[in-house]
1. Go through the stretch 95-125 and report how many residues are at negative phi and open to solvent by less than 60 Å² (accessible area, probe 1.4 Å).
2. Going through Phe63, Phe68, Phe18 one at a time, which residue ends up being of a type outside the set (Lys, Arg), in a helix (DSSP H, G or I) and open to solvent by 80 Å² or more (accessible area, probe 1.4 Å)?
3. Go through (1) under 16 Å from the mean Cα position of the chain (by Cα); (2) within 15 Å of Asp17 (Cβ to Cβ); (3) modelled with pLDDT under 85 and name the single condition Met73 misses.
4. Condition (residue is part of a helix (DSSP H, G or I) and surrounded by fewer than 17 Cβ atoms within 10 Å (Cβ to Cβ)) applied to the stretch 86-94: is it met by at least one residue?
5. For Gln54, work out the one condition from (1) part of a loop (DSSP other than H, G, I, E, B); (2) more than 20 Å from Gln14 (Cα to Cα); (3) open to solvent by less than 40 Å² (accessible area, probe 1.4 Å) it doesn't fulfil.
6. Would you check which residues across the stretch 100-117 are farther than 14 Å from Asp17 by Cα and within 17 Å of the chain's Cα centre (by Cα) and list them?
Amino acid sequence: FAGYWHVDYGLPLQWCDFTGGIAGLALLTRRQVLYEMSLFWGITGASTALLTPQFTQGVTWFFLAEFFVSHSMLLTAPLLLSIYGNMRPRAWSWLGALVWLNVVALVVGAFNYVVSANYMFLFEAPTADMPLFKIQWPYYLIGFEIGCLIIFMFIYLSFRATGRGEV
């Protein structure tokens, strides 16, 4: 409405946009697969976004507030389901979450190709000052993949280590 919207960056096709929808559905339905996706995607994606923010829609007060509140909620939703909903990740759910993330990335990547966009940073690395982002395309995507694999496993193993893994 403010004249900032454009198909290249204004659609909800970023990783955290998908996670927000999935987390909302997980809170409403308590479906296990949605909980697991919001757990792994939410903690990984939102933590990365909050530590290395990319303000793709601008830095006006509204967009800054929306960025920090929405990403904080991505951390909160799966934790609420874990603590108060008594939900736990199943064995191998971390791998399933990674597979679903890649399926979404393939669809978004095809859309990016058609409209020359960069949703999910699939065609161009984020501009944050982080060593992984300094690697050329497409090699930084391999780093993203390995990083997600390690973080997803760490999240799952933290539930196992506390005796709270697997439903």
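The values are calculated or read from the model by the stated rules, or taken from the named source; none is laboratory data. Worth saying up front: this structure is predicted, and the values here are computed from it rather than measured. A quick note on method: Cβ atoms are made from the backbone with ideal geometry, for glycine too, and the neighbour counts reach across all protein chains shown. Keep in mind that these areas ignore ligands, DNA and RNA; they rest on the heavy atoms of the full protein, side chains included. Shrake-Rupley method; radii C 1.70, N 1.55, O 1.52, S 1.80 Å.
1. Residues that pass the stated criteria total 17.
2. Phe68
3. With respect to (1) under 16 Å from the mean Cα position of the chain (by Cα); (2) within 15 Å of Asp17 (Cβ to Cβ); (3) modelled with pLDDT under 85, Met73 is out only on (3).
4. No: zero hits.
5. (2)
6. Within the stretch 100-117, Trp100, Asn102, Val103, Leu106, Val107, Gly109 meet the criteria.
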